[in-house]
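The values are calculated or read from the model by the stated rules, or taken from the named source; none is laboratory data. Not measured: the values here are computed from a predicted model. Glycine also receives a Cβ, built like all others from the backbone with ideal geometry; neighbour counts cover every protein chain displayed.
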């Protein structure tokens, strides 16, 4: 039996978005079968006065009226290049069985999404929802608390969806669930073409940069996590032969990722384990 207070914690870093944030939060609560088991965790930049006021005057009263469980953090601005640090700080305040990396431009479509997550209680898997063109990554990564407790962090890279997805694919623990989410992002839907979107900085495409997703240090860090998780999974009686065969050079690490990449959206270079 769970000792956590909530079922799912939605971690939401936000900047410069008023109505999109409101729409996003309301979609989570209104589509949940058990909204009282949902924990909403929001991180504002302390210089983002407009959205803070909007939240206080519009969103917060609605949340209070609907008995939403929420925590709000005001942080020094870290920027999109440090997106994972927002998630990490929010995760510290979570008290839930599952942690979900959410966005202020995300809209939950599926009624009872929380129940579909709960169906996987006790499983050490990365849950993946259906979203824009069926991207093979878990764009809104959902991890069990045990995952977070073992790593003592949500993500170590600016791209949590990529980091968590690659770790899970190498361990063969990606589980696609029957939940659909609209990623209402400018380059996908034409909406929210704002400063927040325009000023995004992504560390990908220059492997010589230590901050880059494909820098050797970051690759090795992901492999170290896989090794740690594999030891834990083995104690739980879970078959870890997929990872063991990768280490032995008998298994393509990205076999399952490629199978899920039905629209061939993976344009970045996937780097194998070193020999």
Every residue from region 61-78 that is assigned to a helix (DSSP H, G or I) and surrounded by fewer than 15 Cβ atoms within 10 Å (Cβ to Cβ): 61, 62, 64, 65
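Matching residues to (1) more than 24 Å from residue 172 (Cα to Cα); (2) touching a residue at least 12 places away in the same chain (Cβ under 8 Å); (3) assigned to a strand (DSSP E or B):
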position	(1), (2), (3)
81	yes, yes, no
86	yes, yes, no
89	yes, yes, no
100	no, yes, yes
107	yes, yes, yes
Test result for residue 85, crowded, with 18+ Cβ neighbours inside 10 Å, modelled with pLDDT of 95 or more, within 19 Å of residue 69 (Cα to Cα) and out of contact with any helix residue (DSSP H, G or I) (no Cβ under 7 Å at 6 or more places or on another chain): no
Flag for residue 27 being more than 20 Å from residue 139 (Cβ to Cβ) and outside any loop (DSSP other than H, G, I, E, B): no
Total residues in region 1-12, condition farther than 13 Å from residue 71 by Cβ and touching a strand residue (DSSP E or B) at 6+ places or on another chain (Cβ under 7 Å): 4
Flag for residue 113 being farther than 26 Å from residue 220 by Cβ and at pLDDT 95 or above: yes
Any hit, region 36-47, residues being farther than 12 Å from residue 15 by Cβ and more than 20 Å from the chain's Cα centre (by Cα): yes
Yes/no for residue 147 being out of contact with any helix residue (DSSP H, G or I) (no Cβ under 7 Å at 6 or more places or on another chain), under 25 Å from residue 75 (Cβ atoms), buried (at least 23 other Cβ atoms within 10 Å of the Cβ) and in contact (Cβ under 8 Å) with a residue 12 or more places away in the chain: yes
Residue that is nearest to residue 58 (Cα to Cα) [pool: residues in region 30-44 that are in a helix (DSSP H, G or I) and in contact with a strand residue (DSSP E or B) (Cβ under 6 Å, 6 or more places away or on another chain)]: 31
Residue, modelled with the lowest pLDDT, within region 254-275, restricted to residues that are in a loop (DSSP other than H, G, I, E, B), within 21 Å of the chain's Cα centre (by Cα) and under 17 Å from residue 171 (Cβ atoms): 270
Members of region 229-243 found to be under 28 Å from residue 134 (Cα atoms) and in a helix (DSSP H, G or I), listed by number: 229, 230, 233, 241, 242, 243
